[in-house]
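Asks: I'd like to ask you about the structure that follows.
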Amino acid sequence: MVDHVIIITLKNITNYSQKHYKMEYYMNYMADAVVRVDGDNRYVKYDDEPAVEHLAKPDSKTAYGGVGFGVFYILKSITKEDYRNFGITWGFGEKADKMYPIT
């Protein structure tokens, strides 16, 4: 005896696949932060509180790059592992665009 029947149509599969995005990860060394892109949303973690993700506002230079306050914010691609380990095994140092191990 069957308790439940699940019917999956091509439309269900198409709708499901369109909602899943490939995650992208970046570092923004001018802001001492890392960025996670998940579809239309961007999340930022700062070096002073790396365990906390903040939802970025659409005008955030930290999350989207661009010029702000006379500084050009550049996003540089990083791996998912780099994003996860930010503030744990590495951080930003004196040379802005390099990752430095935390000792």
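Asks: Residues in the stretch 23-45 that are under 16 Å from Glu94 (Cα atoms) and of a type in the set (Phe, Trp, Tyr): how many?
Replies: Within the stretch 23-45, residues that are under 16 Å from Glu94 (Cα atoms) and of a type in the set (Phe, Trp, Tyr) number 1.
Asks: Another question about this same structure. Any idea which residue in the stretch 46-92 is farthest from Met23 (Cα to Cα), counting only those that are in contact (Cβ under 8 Å) with a residue 12 or more places away in the chain, polar (S, T, N, Q) and not in a loop (DSSP other than H, G, I, E, B)?
Replies: Thr62
Asks: Mind listing whichever residues of the stretch 45-103 are at positive phi and in contact with a Phe, Trp or Tyr (Cβ under 8 Å, 6 or more places away or on another chain)?
Replies: Gly65, Gly66
Asks: Might you let me know whether the stretch 93-100 holds any residue that is under 12 Å from Val35 (Cα atoms) and either aromatic (Phe, Trp, Tyr) or assigned to a loop (DSSP other than H, G, I, E, B) (or both)?
Replies: No: the stretch 93-100 contains no residue that is under 12 Å from Val35 (Cα atoms) and either aromatic (Phe, Trp, Tyr) or assigned to a loop (DSSP other than H, G, I, E, B) (or both).
FYI, it's all coordinate maths here, none of it is from the lab. These numbers come from a predicted model, not from an experiment. Neighbour counts are summed over all protein chains in view; Cβ atoms, including those assigned to glycine, are modelled from backbone coordinates with ideal geometry.
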